[in-house]
1. Would you tally the residues in segment 204-252 being small (Gly, Ala, Ser) and either in contact with a helix residue (DSSP H, G or I) (Cβ under 9 Å, 6 or more places away or on another chain) or assigned to a strand (DSSP E or B) (or both)?
2. What's the number of the condition CYS84 fails, among (1) in contact with a Leu (Cβ under 8 Å, 6 or more places away or on another chain); (2) closer than 22 Å to ALA35 by Cα?
3. Condition first: in a strand (DSSP E or B), in contact with a strand residue (DSSP E or B) (Cβ under 9 Å, 6 or more places away or on another chain) and basic (Lys, Arg). Can you find one or more residues in segment 53-75 that meet it?
4. Whether any residue in segment 66-82 is loosely packed, with under 14 Cβ neighbours inside 10 Å and farther than 19 Å from THR127 by Cβ is what I want to check.
5. Taking the stated definitions as given, is GLY196 exposed (fewer than 11 other Cβ atoms within 10 Å of the Cβ), within 27 Å of ASP166 (Cβ to Cβ), small (Gly, Ala, Ser) and modelled with pLDDT of 90 or more?
6. Give the residue, chosen from THR202, THR210, THR175, that is modelled with pLDDT of 95 or more, of a type in the set (Val, Ile, Thr), in contact with a strand residue (DSSP E or B) (Cβ under 8 Å, 6 or more places away or on another chain) and buried (at least 17 other Cβ atoms within 10 Å of the Cβ).
7. Name every residue in segment 61-77 that is out of contact with any Lys or Arg (no Cβ under 9 Å at 6 or more places or on another chain) and among the polar types (S, T, N, Q), in order of residue number.
8. Among the candidates GLY121, GLY146, GLY152, single out the residue that is at pLDDT 95 or above, under 28 Å from LYS192 (Cα atoms) and surrounded by 19 or more Cβ atoms within 10 Å (Cβ to Cβ).
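The values are calculated or read from the model by the stated rules, or taken from the named source; none is laboratory data. Predicted, not measured: the structure shown is a model, and the values here were computed from it. In this analysis, Cβ positions are derived from the backbone assuming ideal geometry, glycine residues included, and neighbour counts consider all displayed protein chains.
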Amino acid sequence: MKKALSVLLTAALSLGLLVLAPITAHAATIEVANATQLADALNAAGNNTIRLTANIIYDDSIYIDTAKTITLDLNGKTLSVNNCVALYGGAKLLLPNPASGQFNVSCGNYDTITVVVSGAGSKLEVTNVNYTTADGGDAACADWGGEIIVYGNVTSGRNSVAAQFDGSKITINGTLTVPADRPYITVGMTQKNATGYTTPTTKTGYRTYTDGTDTVWVKCNAHTPGDWIVDTQPTATAAGSKHKECTACKYVTDTQAIPATGKFIKLWGKTTTWLDNFGNWLLVIFCFGWIWMAF
């Protein structure tokens, strides 16, 4: 009887511990093949991975204002959003493998922003961004500490991109195309044209546009080599090295060796140096001295 009670008490205690133990939520992987499934996945609670199983055209806007991380597994497919994407309050929409497909956002609504990311911790990763009309809005805006990374190109029929307030930043790995009569980039409250980048750059391979607080980096695709920079000084017997960098983005455009500083001459049919052939020089001096004494 006592043994049976002991077993029952142990079972009850174990069950109580299970009830009291906290339940840990694990991120889910949600597969989507159409716009309806994508909308449901975007609205799901928690941090999730959304995996595309087909190309999707999504005509609604994407609006996320809660601090959650959505990882978009393109899975070799293309997601085309024909509306605006807006992230607030620490929301993240990320591409873990941006080369595995495309996430393109295109919008032509009057006086709107194609992609906007606002607030510290908010972050968007996207392939291409396009503002299709000449009326009103911007192609991309990161503000109040938000961040946008564009792995492809940004094109706008009106205003370009803006990084404004609290260290907001935008990185463009492709090209940035805007009308000639519009500001190329806005950082803080400062508008900059294409040649208004800051040197030295703060990201190698990119042109840096900044007001000291907010920054836009644009991939440099037309390098301008500067003067030679010596990396290793040559010695009498060892060559050194030098390189040239793009004056805009510090990309290394050329490298060369610097010859050793020793005095090279031809002696007995070989290229040699003063230091390495001291014995040969003694022989030369002896021969000249013997000839001088003979005369």
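1. 3
2. (1)
3. The answer is no, given that none of the residues of segment 53-75 is in a strand (DSSP E or B), in contact with a strand residue (DSSP E or B) (Cβ under 9 Å, 6 or more places away or on another chain) and basic (Lys, Arg).
4. Yes.
5. no
6. Criteria check complete, one pass: THR210.
7. SER61, THR66, listed by residue number.
8. It is GLY146.
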